[in-house]
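See structure below.
The values are calculated or read from the model by the stated rules, or taken from the named source; none is laboratory data. Owing to the predicted nature of the structure, the values given are computational and were not obtained by experimental measurement. Glycine also receives a Cβ, built like all others from the backbone with ideal geometry; neighbour counts cover every protein chain displayed. With ligands, DNA and RNA removed, areas are computed over all heavy atoms of the protein, side chains included. Shrake-Rupley method; radii C 1.70, N 1.55, O 1.52, S 1.80 Å.
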Amino acid sequence: MAKYKLEYIWLDGYEPVPNLRGKTLIKDFDSFPKLEDLPKWGFDGSSTRQAEGHNSDCVLLPVSSYPDPTKTNGVLVLCEVMHADGTPHSTNARATILDDPGTWFGFEQEYFLYKDGAPLGFPPGGAFPAEGQGRYYCGVGFGLMNAQAREIVDTHLDLCLAAGLNHEGINAEVAKGQWEFQIFGKGSKKAADEMWIARYLLVRLCEKYAIDVNFHCKPLGATDWNGSGMHSNFSTEYMRTTGGKDYFMALMDAFDKYKNEHIAVYGPDNHMRLTGLHETQSIDKFNWGVANRGASIRVPNSFIPAGYKGYLEDRRPNSQGDPYKIASRILQTIATVSTK
């Protein structure tokens with residue numbers, strides 16, 4: 001028997017964006033525990049905006065688990081929040097979303113690394129870098145990049161891979177101090193689970209550097225600097241194997257029809273980011289375009305030559321969006337389009 005450190009991770013009740021929470025339980029196991037071996041646990045919901053003090057006990061239900069590469073015998077245990085009677089808590093988005101293992105999602109998480117109230121590498125005193133944005137995208141070199149940031153993003157990549165997450169890559173983004181990582185999964189729950197764990201690993205890693213991760217979609221406000229998105233790539237089995245122009249056009253009509261419903265769950269403050277500038281479409285409009293990063297939905301160059309088959313990229317979700325809600329809304333809209 002060995003003592004395992006089980007880090008129970010959940011989303012709290014703060015709005016409009018939940019925070020990650022975590023606490024550790026020590027349990028004895030003969031080997032790395034299976035999900036079904038992990039017990040339910042509890043926490044004080046009155047401290048997380050999920051209960052009143054007179055009846056504060058909430059339940060943590062393990063729903064996925066991963067090795068914690070930072071600890072000996074460590075386990076990352078992602079949990080849903082439940083009431084004592086076994087029903088999902090009102091803040092538990094995962095329990096209520098649509099899911100389809102045949103729908104594949106690829107989330108592109110952008111974020112800023114912040115220190116002393118400014119993006120990492122910005123001049124002190126509230127100034128902006130002299131040459132503006134753009135040169136930093138996929139940049140290399142001391143004059144452009146920050147050695148501490150490079151260490152963080154490379155270490156985060158290693159941690160995600162060691163935890164068994166389907167991490168697909170990283171790159172420096174358009175603004176100084178801005179980065180991106182990508183997570184892929186089959187099914188909305190699996191893809192979103194891994195995104196939340198990847199976020200958790202990043203935020204926890206940055207603690208040791210005294211650096212914050214700023215997920216806000218427009219942290220630099222109304223300036224000539226890009227905001228942060230969580231572009232969501234998606235494909236159903238039908239889109240990959242059958243597709244067709246008629247189906248695609250009907251799908252785009254549906255995305256246009258439900259554009260307000262999408263925006264409602266694509267992350268707070270998106271009006272600050274979706275302005276029609278900086279590779280975005282305006283928040284009140286919908287369009288699609290081949291290789292167009294200023295469109296609501298970008299169609300890859302390969303899509304139409306392949307017979308209108310493959311994946312599409314919804315560029316409207318922002319960096320603070322909840323991947324459970326984003327993926328579920330995409331599935332809801334797709335479900336309105338006939339495949340007959």
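For N318, are the conditions met, namely being in contact with a strand residue (DSSP E or B) (Cβ under 8 Å, 6 or more places away or on another chain), open to solvent by 50 Å² or more (accessible area, probe 1.4 Å) and polar (S, T, N, Q)?
So N318 does not fit the description; no.
Being exposed (fewer than 13 other Cβ atoms within 10 Å of the Cβ), in a strand (DSSP E or B) and free of Cβ contacts under 8 Å to residues at least 24 places away in the same chain is the filter here, so list the residues in the range 45-65 that pass it.
Result: E52, N55.
Checking the conditions here, which among G321, G310 is more than 21 Å from N226 (Cα to Cα) and of a type outside the set (K, R)?
G310
Hey, could you check the range 268-307 for residues that are farther than 20 Å from G227 by Cα and among the small types (G, A, S) and say which is least open to solvent (accessible area, probe 1.4 Å)?
Going through the qualifying residues, I end up with G289.
Could you say whether any residue in the range 146-158 is open to solvent by 30 Å² or more (accessible area, probe 1.4 Å), touching a Gly at 6+ places or on another chain (Cβ under 7 Å), farther than 18 Å from S228 by Cα and at pLDDT below 95?
Yes, the range 146-158 contains at least one residue that is open to solvent by 30 Å² or more (accessible area, probe 1.4 Å), touching a Gly at 6+ places or on another chain (Cβ under 7 Å), farther than 18 Å from S228 by Cα and at pLDDT below 95.
Could you check how many residues of the range 233-283 are in a loop (DSSP other than H, G, I, E, B) and more than 23 Å from the chain's Cα centre (by Cα)?
3
Of the residues W225, W288, which single one is among the hydrophobic types (A, V, I, L, M, F, W, C), in contact with a strand residue (DSSP E or B) (Cβ under 9 Å, 6 or more places away or on another chain) and more than 21 Å from G106 (Cα to Cα)?
W225
When only residues in the range 169-193 that are over 17 Å from G229 (Cα atoms) and assigned to a strand (DSSP E or B) count, which is most open to solvent (accessible area, probe 1.4 Å)?
K186
Within the range 11-44, how many residues turn out to be among the aromatic types (F, W, Y), part of a strand (DSSP E or B), open to solvent by 50 Å² or more (accessible area, probe 1.4 Å) and within 29 Å of D269 (Cβ to Cβ)?
Within the range 11-44, residues that are among the aromatic types (F, W, Y), part of a strand (DSSP E or B), open to solvent by 50 Å² or more (accessible area, probe 1.4 Å) and within 29 Å of D269 (Cβ to Cβ) number 0.
If you check every pair at least six apart or on different chains, which have Cβ atoms under 9 Å apart with a residue in the range 114-128 that is among the hydroxyl-bearing types (S, T, Y) first and a residue that is not in a strand (DSSP E or B) second?
As it stands, the answer is Y114/L120; Y114/G177; Y114/I211; Y114/P219, since those pairs meet every condition given.
Of the residues E7, E80, which single one is touching a residue at least 12 places away in the same chain (Cβ under 8 Å), in contact with a Leu (Cβ under 6 Å, 6 or more places away or on another chain), open to solvent by less than 30 Å² (accessible area, probe 1.4 Å) and within 24 Å of D212 (Cβ to Cβ)?
E7
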